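Data first, discussion second: the structure below is written as structure tokens.
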Amino acid sequence: MSLFITFEGPEGSGKSTQARLLYQRLQLRGYPVILTREPGGTRIGEMIRRILVDLQNTEMAPTTEILLFSAARAQLVNELIRPYLETGGIVLCDRYADSTYAYQGYGLKRDLEELRAMTRIATGGLLPDLTIYLDLEAEEGLERKILSKQAHESRKAQEEGLGGSRVNEGGSIGSSFIPPPEWNRLDARDLAYHQRVATGFRELMLQDPDRWRKMDAHLPVAQLAQAIEAEIEPFLSRVTPLEPL
Ligand code: TYD
């Protein structure tokens, strides 16, 4: 047996941090585990990711965007996820097909049934055993993302000897939300889009409540990590820990 766990959530929900922490915990406990991400995770997938996030690609048609996410996913499932699951290991994936339904389906208002059909082609129908959802309002997530980017910029400025903070472009989220210039093409969509995405995730959860685990993204990082570990605990009996060296 094997275990396939995905992490989903709006921008700034902290899912990448939590995916990494769970990966480290499972490794420490001796489980065979890999951590990967979407879009990306393979050499070809990372090349596709660069096209998807490039701010210069303003002319990208929604269908192109969907096909590129699907192409990266097909490569990841074929090259990494399926082979690893076949060895009986645990795969943790930072985003998966539910992101396409939330972002391109609800966010870009594309037909969900078409997206599901395309996803079946890309994944051969591979579904996660469990999906950890870090729940947060879209506004809060974007706010967090701006703050962390500002902190990063001002650290960089200090390191470069410029002193102080150079950045304040993002401002706070409100009706006049202006994304800071360093955001990628997908971050930079407007607040209404990100709100539709968050609503979409909640609807997806309602449609398949057994697979999803909704977690409170406001919890302190360590406490949230413990809560996530507790949620997956019952599933770990499917996987045999590695023999100690
Ligand atoms: P990600 O690396 O998870 O970014 P972040 O950690 O900043 O949320 O995902 C990159 C972006 O791609 C993110 O804005 C969500 C978007 N995305 C889609 O629109 N559709 C998809 O199918 C996937 C996997 C991601």
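The values are calculated or read from the model by the stated rules, or taken from the named source; none is laboratory data. These figures come from a predicted structure and were not determined experimentally. Using ideal geometry, Cβ is built from the backbone for each residue, glycine included, and neighbour counts are taken over all protein chains shown. When the accessible area is computed, the model is the full protein with side chains, heavy atoms only, and any ligands, DNA or RNA have been set aside. Shrake-Rupley method; radii C 1.70, N 1.55, O 1.52, S 1.80 Å.
Structure above, values below:
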| item | result |
| --- | --- |
| Condition check for G161: modelled with pLDDT under 85, open to solvent by 40 Å² or more (accessible area, probe 1.4 Å), away from the ligand (no atom under 16 Å from the Cβ) and on the phi > 0 side of the Ramachandran plot | yes |
| Extreme residue, nearest to the chain's Cα centre (by Cα), among residues of region 67-112 that are more than 11 Å from the ligand (Cβ to nearest atom) and open to solvent by less than 10 Å² (accessible area, probe 1.4 Å) | L92 |
| Single condition L21 does not satisfy, out of (1) surrounded by fewer than 22 Cβ atoms within 10 Å (Cβ to Cβ); (2) away from the ligand (no atom under 16 Å from the Cβ); (3) touching a residue at least 40 places away in the same chain (Cβ under 8 Å) | (2) |
| Selection within region 46-62 - away from the ligand (no atom under 13 Å from the Cβ) and assigned to a helix (DSSP H, G or I) | M47 |
| Complete set of residues in region 63-92 that are in a helix (DSSP H, G or I) and hydroxyl-bearing (S, T, Y) | T63, T64, S70, Y84 |
| Qualifying residue in region 122-129 (condition: more than 12 Å from the ligand (Cβ to nearest atom), surrounded by 17 or more Cβ atoms within 10 Å (Cβ to Cβ) and charged (D, E, K, R)) | yes |
| Residues satisfying the stated conditions in region 136-152, i.e. under 16 Å from the mean Cα position of the chain (by Cα) and surrounded by 19 or more Cβ atoms within 10 Å (Cβ to Cβ) | L136, A138, G141, L142, K145 |
| Residue selected from region 33-45 under the condition open to solvent by 20 Å² or more (accessible area, probe 1.4 Å) and more than 14 Å from the chain's Cα centre (by Cα), by the criterion nearest to the ligand (Cβ to nearest atom) | I44 |
| Test for S13: is it within 14 Å of the ligand (Cβ to nearest atom), modelled with pLDDT under 95 and either open to solvent by less than 10 Å² (accessible area, probe 1.4 Å) or within 20 Å of I228 (Cβ to Cβ) (or both) | yes |
| Test: residue in region 126-137 that is of a type outside the set (D, E), touching a residue at least 60 places away in the same chain (Cβ under 8 Å) and in contact with a His (Cβ under 8 Å, 6 or more places away or on another chain) | yes |
| Residues of region 192-245 that turn out to be in a loop (DSSP other than H, G, I, E, B) and open to solvent by less than 70 Å² (accessible area, probe 1.4 Å), as a count | 6 |
| A117 being modelled with pLDDT of 95 or more and buried (at least 16 other Cβ atoms within 10 Å of the Cβ) | no |
| Residue in region 164-211 that is nearest to the ligand (Cβ to nearest atom), counting only those that are farther than 17 Å from A138 by Cβ and at pLDDT below 75 | E182 |
